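In what follows, a single structure is set out as structure tokens and then discussed.
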Amino acid sequence: MCLGIPGQIVEILDPAEHRATADVDGVRREVNVGLVMGDAGGIKVGDWVLIHVGFAMTKIDEEEAASTLDFIKQLGSVYDDEIRDFSAEAPL
Amino acid sequence: MSEGPGDEGSRRDYSHEDEVLERIEAWRRRRPKLKDEFINSAHGAGGKASAALIDAVFLEAFRNKSLETMADGAVLELPSGERVAFSTDGYVVKPRRFPGGSVGDLAVNGTVNDLAMMGAVPQWISAGFIIEDGFSITELRDLVADMAAAALKAGVQIVTGDTKVVNKGACDGVYITTAGVGVIPPHIHLDAKAVRPGDKVIVSGKIGDHGVAVLIARGDLALEADIPTDSAPLGELVEHLLAAAPNTRFLRDPTRGGVATVLNELAREAEVAVVMEESALPIRNIVNGACEILGIDPLYVANEGKLVAVVPGEEVEAALAALKAHPFGVDAAVIGEIRDDPPGIVLLNTVFGGNRIVDMLVGDPLPRIC
Amino acid sequence: MKFVDEYRDPAAARDILRHITQLAEGNHYKFMEVCGGHTHTIYKHGIENVLPETVELVHGPGCPVCVIPMGRVDDAIAVAETPGVIFTSFGDMMRVPGGNGNLLEAKARGADVRMVYSPLDALRIAVANPDKQVVFFAVGFETTAPSTAVTVMKAMQKGVTNFSLFCNHVTIVPPLKAILDSPDLRLNGFLGPGHVSTVIGNRPYRFVPEKYGLPLVTAGFEPLDILQAILMLLRQIDEGRCEVENQYTRAVPEHGNLKALEILNEVFELRPHFEWRGLGFISQSALKLREKYAPWDAELRFSVPGVRVADPKACQCGEVLKGVIKPWECKVFGTACTPETPIGTCMVSSEGACAAYYNYGRFTKHQTVPVELTRSKTPEPV
């Protein structure tokens, strides 16, 4: 029951009724943003949200997304550094 | 390796698991049993339930050699020695009109394509109409105009037909059944059983367009997207393909049930394994997006203007070139290959580096909501 | 797709896997993923293929479709077959078998059963069909319950009286406790349910390290998320830590979604107990509408049989749901119980461990041999 898709808000249809349009790779659907309107900054066009059964559940934090990816990419370089250091030290 | 924290004993013991898997494969090879007493939507979806119905009800009663081959149509031999391909299909799509086309286009192109997949040159089509009392003649004219245009484009003639009117409520608007006949050139022999390990699997273009277009056009899911159907007549495309790659083993159009269903049918009929590369599957971003939202797998979604071809390795370059040179094949791509093991199974190497099975469809591809 | 494709990058995966393999070496770790969505991702991408043998994933009971007892499905069908009812449901629930077949079969017999993508769609159908009774089959954990709650509030606000809920929402903490209290199980940690956590946050899981001494990492749903979460679990173990961590920081706020929690509390209350398929009766584990919203409760509006139907004797769903046995170890797996002839719900829902394994993972151990997409060489003469 966990299918959540990232989508971008492209239009606010009716702020009072919490209706907005989200875009997922060119496909558009009306979503209810009532659960995320209270977030800092509210909801505006351009925000990315996680969509589940027609509702925006949370705003996707682009900074956190970037830092998650950075961490993952770092792992590669850390490992390479270790290999380099190890080979430098190891007596042959 | 020392025993560490966690359960001792149940490492991945493949031997026991293998036994279970073998038992399952033996079970799956049995003739599909039909246990249902009433028809349900799964029986029309093109997957396991459809196969069970056809086997238990129709094949059982009509049993003959031509029918048993269970291809898209029948290959009949005339006294002169010429071979003729004969196919039929019913068209009940709802809504009747969708972005890029209508049931009229499908009714002609669908049967044309079935004939083309047998290597025949589609020539003559029959069209039967079952029409609900009160149906708009204007709409009927529009659908028939679409059929005429499609026939012209496909180079076929609608030479005979029938019309029946049923009471209001006895059918949903109009149902169209078309049948088609075409001659198979003498040197063409397409057969699933000709497929060999090492052969490559080609798809003629981007997948998933038609099924998604119709699902969206239905309106229940409240999606908006610019996705037209890909309905197209493939007779000429096939001619060009077979001219460039005369040893093409097998052709089928991935309609109901999608590419996955065609490949599963092939794997079974030829007793080979089909292995696909997920990264090679051609699909439009927007179609992929729609499938992600709906939770459906594009491999199971219907296409109405595409073909799947199995071609020996040495002819692949020529085959691709011929397809790409034709307007209906510009996005053709090699998506996989035939192997001998595990037989009867379709595997997908995931983008991520793992693999999974792509099994025969069960039931209707209900969008996975959760 | 943004926020999806980047998390499926195989090159990045190789790096995480190297670290995982290094940290897990010499031991054998069993981590349970609670959420059905994780089970689905793991099989869809073939993640078990790429993990080293020292790390094993055990599939838990986080599939809210899988845990609906047969008797409740029968109740749903009874409502659907009531004249004048339009019964709406998510797709997954339509093929779950009750004692007498499933909703799809009821539809074939003439019931007006419709698939919807959102509970709001069901409300719209009610507004468009004022002469009919529209019922929504509400299923799901805390991820989905707030959406149902908003829909009920809207129904009240707009005075839509021909709409009601057949409520089967459940909560995630009780089955987690049931797993942890189960004597048969030996686990080393958990992958926490990412989307449930967007609502409840991470704090509700604190009892897992604090009371049971096992680490839990809330994980996202893309392959890299899952690998990173596994790495975080291994690092905790390696460093002697035991705590709740959040891998899915881009979507899960530490405290969850306060608005959603408020709405949940406004509309729902906990049932004293509820039957979970395979896990038995668990107290305070499911939701029902509060008194204020009783007029929208289908169980009060319609009479349902409410009969408890025992699982078929052959069914071992309970053991699969608790991760005690693997799908293929169930005696009827793949023979009597298949996706087309499911005996238990683990096989019906595409997130159920058995369905996922049957449909995707049967050849998991099969080595991934890439396909050469360009023309193959002409075979050498033997």
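We did not get these values from a lab; they are worked out from the coordinates using the rules stated. Here the structure is a predicted model, which is why all the values come from computation and not from measurement. Here the Cβ is made from the backbone with ideal geometry for all residues, glycine too, and neighbour counts use every protein chain on show.
For the range B:175-267, state which trypsin sites (Lys or Arg not before Pro) are in a DSSP loop and have at most 10 other beta carbons lying within 10 Å of their beta carbon. For trypsin sites (Lys or Arg not before Pro) across the range B:175-267 that sit outside H, G, I, E and B with at most 10 neighbouring Cβ atoms in 10 Å, the list is empty. With springs connecting C-alpha atoms under 10 Å apart, model chain C as a Gaussian network and identify which of C:Pro295, C:Pro130, C:Pro69 has the largest mean-square fluctuation. Maximum among the listed residues: C:Pro130. Here chain C is assigned +1 on the Cβ of each Lys and Arg and -1 on the Cβ of each Asp and Glu. Its dipole about the Cα centre then comes out at about 520 debye. If a/c stays under 1.5 just call it rounded; otherwise compare a/b with b/c (prolate if a/b is bigger, oblate if not). Do that for the protein assembly as shown, with a ≥ b ≥ c from the square roots of the Cα gyration tensor eigenvalues. Note, shape of the protein assembly as shown comes out oblate. Share of antiparallel DSSP beta bridges in the range B:111-179, in percent to the nearest 5? Beta bridges within the range B:111-179, antiparallel portion: roughly 40 percent. At what distance in angstrom do the alpha carbon centres of the range B:122-194 and the range C:125-176 lie from each other? After rounding, the separation between the Cα centres reads 44 Å. Considering only alpha-carbon pairs that sit under 8 angstrom and 6 or more positions apart, the relative contact order computed for chain C is 22 percent. If R0 is 41 Å, what FRET efficiency do you get for B:Val183 and C:Lys331 from their C-beta distance, rounded to 0.05? That gives a FRET efficiency of 0.15.
Quick check on the range C:215-335: take the gyration tensor over C-alpha atoms, sort the square-rooted eigenvalues as a ≥ b ≥ c, and tell me if it's rounded (a/c under 1.5), prolate or oblate. Here the range C:215-335 falls in the oblate category. Extension gain, B:Glu60 to B:Asp162, is 33.9 nm, computed as 0.36 nm per intervening residue step minus the present C-alpha separation. Taking the number of Cβ atoms within 10 Å of each Cβ as an exposure proxy, the fewest-first ranking of B:Phe98, C:Phe207 is C:Phe207, B:Phe98.
Between C:Arg203 and C:Phe281, the contour length at 0.36 nm per residue exceeds the alpha carbon distance by 25.6 nm.
By DSSP, the beta bridges lying fully in the protein assembly as shown are antiparallel in about 60 percent of cases.
A Förster distance of 60 Å, applied to the separation of the beta-carbon atoms of B:Glu132 and A:Glu62, puts the FRET efficiency at 0.65.
Relative to the Cα centre, the charge distribution of the protein assembly as shown, modelled as +1 at Lys and Arg Cβ and -1 at Asp and Glu Cβ, gives a dipole magnitude of about 1940 debye.
For the range A:24-33, putting each phi into the Karplus relation 6.51 cos²θ - 1.76 cosθ + 1.60 with θ = phi - 60° gives couplings of 10, 6, x, 8, 10, 8, 6, 10, 8, 9 Hz, in residue order, rounded to whole numbers and with x for Gly and Pro. Run through the DSSP bridge list for chain B and note the antiparallel percent, rounded to the nearest 5. If I count the DSSP bridges inside chain B, around 75 percent turn out antiparallel. Which shape class, rounded, prolate or oblate, goes with the range C:61-172 when its Cα gyration tensor gives a ≥ b ≥ c as root eigenvalues, a/c under 1.5 marks rounded, and past that a/b bigger than b/c marks prolate? The shape class here is oblate. With each label modelled as a point 7 angstrom along the Cα→C-beta vector, the B:Asn285-B:Glu271 pair spans 4.7 nm. Sorted largest first, the principal axis extents computed over the alpha-carbon atoms of chain C equal 72, 56, 43 Å. Once the chain from B:Ser41 to B:Thr69 is taken as fully extended at 0.36 nm per residue, the excess over their C-alpha distance is 7.6 nm.
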